[in-house]
Amino acid sequence: MLTKKSSLSFSETNLFSPIILDFIKSDSKLLSFIDCFPNIDSLKNKLKKINFESREVLVNTVRKQYNNTSFLAGRSKDVDDNINLLLDSKTFTICTGHQLNIFISPLFLIYKITSLIAYANYLDEHIPNHRFVPCFWMATEDHDFKEINELSIYNKKYSWNLQTKNAVGNLSTHSMKDLLSDLKKVLDQSEHGRDLYNIYYHAYTANSNYADATRSIINSLFGDYGLVVVDGNCMAQKQLFSNDMKEEITTNYIFKNILDSNLSMRSIYKPMINPLKSNLFYLHNNIRSKILYNNNEYKSLCHNKEWTKKELLNEIENYPNRFSPNVFMRTLYQQSILPNVLYLGGPSEIAYWLQLLSLFNSKGKLFPVLDLRSFFIILSKSILNFYKKHNLNDADIFIDYHLKIKKIIKNISNHDDLKLKKDINDLLEIIEKKISKIHNFPLNSFRVFEKRVNNSLLQLESKIIKFEKNNNKNVLDQLSSLEQKIFTNNNPQEKSYSFIPYFIKYGPAFFNLLIEESLIFDNKYIILKENS
């Protein structure tokens with residue numbers, strides 16, 4: 001089974017940007033870009049400020065979405081209970097979101113969900129007389145199909161091949177059948193794997209569109225934890241947001257606010273995303289296309305459609321479901337249709353949320369408490385044994401690969417026993433003392449000599465390392481193979497690896513462990529070890 005081994009500070013991993021490292025330290029430099037840092041007192045203060053009046057619309061919309069979805073073992077009672085709780089003025093949501101990767105495969109997507117569930121459990125326990133519903137926001141309106149259509153399991157790539165410009169949630173699942181057949185061969189190797197295959201098979205064959213299929217999968221895996229799935233691509237919710245969309249067309253308020261925010265931020269940090277003049281997409285006839293505008297002319301190139309400002313405002317009024325927010329506007333949309341007090345995200349998400357405070361203030365919308373989801377790295381027994389054998393510690397997981405090689409070679413060859421650097425320094429010190437006794441001898445000449453000797457020593461050490469690399473090729477080949485289980489193409493394990501192999505081994509116990517080990521209002525990189 002998996003167990004926790006240890007944890008590292010974010011700074012030890014070299015994976016996080018300066019703005020994120022300052023965020024976790026609650027650095028005062030960020031106070032221009034955030035109205036509170038993540039802690040339970042901040043959240044209690046947000047509860048006093050929230051005023052959400054659209055609970056019936058939200059609950060009716062989510063119920064309808066669940067009613068239109070086919071679930072393998074029926075809808076979870078815990079989910080139904082949480083949906084009903086949303087009618088209560090003392091119930092609030094905490095939210096995370098993500099693109100709809102096929103088979104909800106990437107590890108970090110699972111880490112988002114398990115972190116969210118852990119937070120909901122914690123807040124229910126620590127804030128009396130309130131309830132907190134974990135909500136997963138499906139990015140059904142994204143149309144970057146190539147970002148979600150692949151996964152890799154045991155070094156084999158699986159792809160959903162399709163040509164489309166549609167929002168991914170609208171896609172038909174019919175073309176998933178061949179991919180399901182390929183995946184069945186992998187999942188057949190254990191009872192947990194077969195259970196997972198049944199979940200996938202039902203979701204993709206019993207539901208006609210990809211959004212419903214994804215909801216079905218998430219319910220089967222996480223419904224018993226009360227996780228509610230929300231799809232913002234619906235008429236009723238967009239009607240609530242139509243005035244904001246019309247105002248964006250009229251005033252371009254998003255561009256102006258983000259531009260000002262970025263100008264302030266640039267003196268300290270590099271902004272995550274640059275402001276965009278176009279923040280709305282047109283979603284119609286199976287195509288999602290950016291609305292481009294200049295003065296009073298508006299057009300969607302992919303739809304071959306043009307509007308005057310008046311025509312566009314009328315269409316938003318009558319058909320708000322045809323309009324889709326971009327990354328900036330989506331944050332406003334989420335906070336408009338959910339009673340949301342906490343957003344949990346990855347470092348890139350938190351970085352761009354930190355650009356949005358002035359935008360939210362200008363619109364009079366509640367800016368949520370922000371926090372990072374939990375981070376894990378899973379080390380197999382073979383990796384642990386290799387690290388132990390070659391005196392590598394936990395922090396060495398994240399050092400540069402070539403430095404790792406150097407450390408291993410030095411350990412194997414006992415280079416420290418050579419003490420070349422010390423011997424050379426001792427000798428140079430003796431020479432310097434003798435030269436200093438020579439009347440008026442220019443010490444600069446000695447410094448030049450000293451520099452040449454040290455450079456020559458570096459060259460010699462480099463040659464020794466190279467020689468030892470050749471002598472220990474088998475060890476370095478083993479390191480290279482094991483390194484692919486930690487980093488693939490410089491991407492950390494959580495971005496390149498699927499959760500599926502771990503579910504095949506451990507089943508739902510894998511999720512239970514992640515929830516148990518998730519950190520609340522704390523940030524460390526957690527190392528998990530496989531004991532078999």
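The values are calculated or read from the model by the stated rules, or taken from the named source; none is laboratory data. Note that the structure is a prediction, hence the values are computed from the model and not measured. We place every Cβ from the backbone using ideal geometry, glycine too, and count neighbours over all the protein chains shown.
Is at least one residue of the range 8-29 under 30 Å from A167 (Cα atoms) and in contact with a helix residue (DSSP H, G or I) (Cβ under 9 Å, 6 or more places away or on another chain)? No, the range 8-29 contains no residue that is under 30 Å from A167 (Cα atoms) and in contact with a helix residue (DSSP H, G or I) (Cβ under 9 Å, 6 or more places away or on another chain).
Every condition in (1) buried (at least 17 other Cβ atoms within 10 Å of the Cβ); (2) aromatic (F, W, Y); (3) in contact (Cβ under 8 Å) with a residue 40 or more places away in the chain is met by Y401 except one, and the failing one is (1). Here F449, F511 are screened, and the one residue that is assigned by TED's automatic domain parsing to the domain that holds L100 and part of a helix (DSSP H, G or I) is F511. Among all positions in the range 287-307, there is no residue which is assigned to a helix (DSSP H, G or I), aliphatic (A, V, I, L, M) and crowded, with 18+ Cβ neighbours inside 10 Å. With the condition kept exactly as written, say whether any residue in the range 485-493 is surrounded by 11 or more Cβ atoms within 10 Å (Cβ to Cβ), outside the structural domain of R194 (by TED's automatic domain parsing) and in a helix (DSSP H, G or I). Within the range 485-493, one or more residues are surrounded by 11 or more Cβ atoms within 10 Å (Cβ to Cβ), outside the structural domain of R194 (by TED's automatic domain parsing) and in a helix (DSSP H, G or I).
Restricting attention to the range 514-532, the residues that are outside any strand (DSSP E or B) and within 16 Å of the chain's Cα centre (by Cα) total 5.
Could you tell me whether any residue of the range 315-326 is among the small types (G, A, S), assigned to a helix (DSSP H, G or I) and within 22 Å of M138 (Cβ to Cβ)? Even if it seems obvious, please write down each step before you answer.
Here is the first cut: in the range 315-326, the residues among the small types (G, A, S) are 324.
This time we only want the ones that are assigned to a helix (DSSP H, G or I), so: none.
Within the range 315-326, none of the residues are among the small types (G, A, S), assigned to a helix (DSSP H, G or I) and within 22 Å of M138 (Cβ to Cβ).
Out of S324, S336, which single residue is hydroxyl-bearing (S, T, Y), under 20 Å from V230 (Cβ atoms), out of contact with any strand residue (DSSP E or B) (no Cβ under 6 Å at 6 or more places or on another chain) and at pLDDT 95 or above? The unique qualifying residue is S336.
Residue-by-condition table, conditions (1) under 30 Å from L151 (Cβ atoms); (2) not aliphatic (A, V, I, L, M):
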position	(1), (2)
L2	yes, no
E12	yes, yes
L21	no, no
S54	no, yes
V62	yes, no
Q65	yes, yes
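Taking the range 491-524 as the search range and keeping residues that are among the small types (G, A, S) and modelled with pLDDT of 95 or more, which one is nearest to R373 (Cα to Cα)? Going through the qualifying residues, I end up with S518.
Residues considered: L313, L280, L344. Of these, the only one that is at pLDDT 95 or above and in the same structural domain as F92 (by TED's automatic domain parsing) is L344.
Of all residues in the range 361-372, how many are without any contact (Cβ under 8 Å) to a residue 60 or more places away in the chain and either closer than 20 Å to I20 by Cβ or part of a loop (DSSP other than H, G, I, E, B) (or both)?
2
Close Cβ contacts (under 7 Å, 6 or more residues apart or on different chains) running from residues in the range 199-215 that are without any contact (Cβ under 8 Å) to a residue 24 or more places away in the chain to residues that are surrounded by fewer than 21 Cβ atoms within 10 Å (Cβ to Cβ) and in a helix (DSSP H, G or I) comprise Y201/L180. Scoring S481 on the criteria (1) touching a Phe, Trp or Tyr at 6+ places or on another chain (Cβ under 9 Å); (2) closer than 17 Å to I383 by Cβ; (3) at pLDDT 90 or above leaves a single failure, condition (1).
If the condition is being part of a helix (DSSP H, G or I), buried (at least 20 other Cβ atoms within 10 Å of the Cβ) and hydrophobic (A, V, I, L, M, F, W, C), then the range 327-339 contributes F328, M329, L332, I337. Of the residues F446, F367, F467, the single one that is surrounded by 11 or more Cβ atoms within 10 Å (Cβ to Cβ), over 30 Å from S42 (Cβ atoms) and touching a helix residue (DSSP H, G or I) at 6+ places or on another chain (Cβ under 6 Å) is F446. Number of residues in the range 118-128 that are more than 17 Å from the chain's Cα centre (by Cα) and either assigned to a helix (DSSP H, G or I) or outside the structural domain of A213 (by TED's automatic domain parsing) (or both) equals 7.
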